[in-house]
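A.B. asks: Structure below; questions to follow.
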Amino acid sequence: MSRYFIDRASRYVVFIFGVIALLILAAIAIFILKDSLPAFREIGISDIIFGTKWYPSRGAFGILTMLAGSVLVTLLALLMAVPLALGCAIFLAEVAPPRIRRLTRPAVELLVGIPSVVYGLVGMIVLCPLIANLSGTGSGSSVLVAAIVLAIMILPTVTSISEDSMRAVPNQYREGALALGATHWQTIHHVILPAARNGIMASIVLGTGRAIGETMAVIMVIGNSPIFPTNIFAPARTLTGNIAVEIMSATGIHQSALFATGVVLFILIMLINSLALIAYRKKT
């Protein structure tokens, strides 16, 4: 009887927590949407999303340049982080001896606990001068530096979840592949990685959300210029950086336009999660 009661109580508690999470998400969405409505009504949805000029003093509130900056920085960070993270996950899950694994895994996980401002400081002091010397222009604050910093920041997330997914693959899969004559690396490539695909995709989606939502470190190294980045050595501004830089001094329609930026960012993250879910269902 007590086990039955505990089981039912646990279900209700989990259900309540799930409902609370949905209510919090709905409350956030309603809050930012409500404060963004004046900007959407006065400026127009198309002018906000597809406008290329952001001059609040002149009444111009186009965020397309910052949307491009966010997408470019995120994609570049993923291109650098995902191969490295998968390699690290394969090493930890399938290759590394136990002693090396016990030393390496905490080192990777430690990267999660480093504050964003520390990453930004290292990027500003070390990477920006280095990129400035390589490119020969500007201070070095650029899309490339921001992408490198973001790649390091999302590396432990993708690595940890991917490693756990690979470890969750039943040993029978490995034994069957080896029994059929496959080498260790063939087993990893043709058996372990496909079996752990769903977890790896989830890790990449989480890393993408972290990259798009990161603010402080990006602000410190990207240059914060609301213009289209012409190359990876050019400065830019992201959606999150735009909100953080100007929200304290914004009033009226300017403040509402920043909330509209938040709405666009919110929708962008939902689209990414939805696309990942669709891809997951197609492959399963």
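Values in this text are rule-based calculations from the coordinates and carry no lab data. Note that the coordinates shown come from a computational prediction; the quantities given were computed from them, not determined experimentally. All Cβ positions, even for glycine, are placed from backbone atoms using ideal geometry, and neighbour counts span all protein chains on display.
A.B. asks: In which sequence would Thr215, Thr183 go, from the one with the fewest C-beta neighbours within 10 Å to the one with the most? Provide the component values of the computation, followed by the final result.
C.D. replies: Working: Thr215 17, Thr183 10.
In order of increasing Cβ crowding within 10 Å: Thr183, Thr215.
A.B. asks: Between rounded, prolate and oblate, where does segment 45-283 land on the alpha carbon gyration tensor, with a ≥ b ≥ c its root eigenvalues, rounded for a/c under 1.5, else prolate if a/b exceeds b/c? Could the numbers behind the result be given before it?
C.D. replies: Values: a/c = 2.73, a/b = 1.86, b/c = 1.47.
Cα axes put segment 45-283 in the prolate bin.
A.B. asks: Can you bin segment 27-75 into rounded, prolate or oblate? Criterion: square roots of the alpha carbon gyration tensor eigenvalues sorted a ≥ b ≥ c, rounded for a/c under 1.5, prolate for a/b above b/c, oblate for the rest.
C.D. replies: Numbers: a/c = 2.37, a/b = 1.17, b/c = 2.03.
In terms of gyration-tensor shape, oblate.
A.B. asks: Additional query: Compute the Cα gyration tensor for segment 1-123, then decide on rounded, prolate or oblate, letting a ≥ b ≥ c be the square roots of its eigenvalues: rounded whenever a/c is under 1.5, prolate when a/b is larger than b/c in the other cases, and oblate in all that remain. Kindly include the intermediate steps, with their values, before the conclusion.
C.D. replies: Numbers: a/c = 3.19, a/b = 1.27, b/c = 2.51.
It comes out oblate by the Cα gyration axes.
A.B. asks: Filter the chain for me: DSSP H helices, axial length by Cα at least 20 angstrom, mean Kyte-Doolittle hydropathy not below 1.0. List them by residue number. Could the numbers behind the result be given before it?
C.D. replies: Values: long enough: 2-42 (60 Å, 1.18); 64-90 (38 Å, 2.30); 98-113 (23 Å, 0.02); 143-167 (35 Å, 1.54); 197-213 (24 Å, 0.67); 252-283 (47 Å, 1.30).
Those that clear 20 Å and a mean of 1.0 are 2-42, 64-90, 143-167, 252-283.
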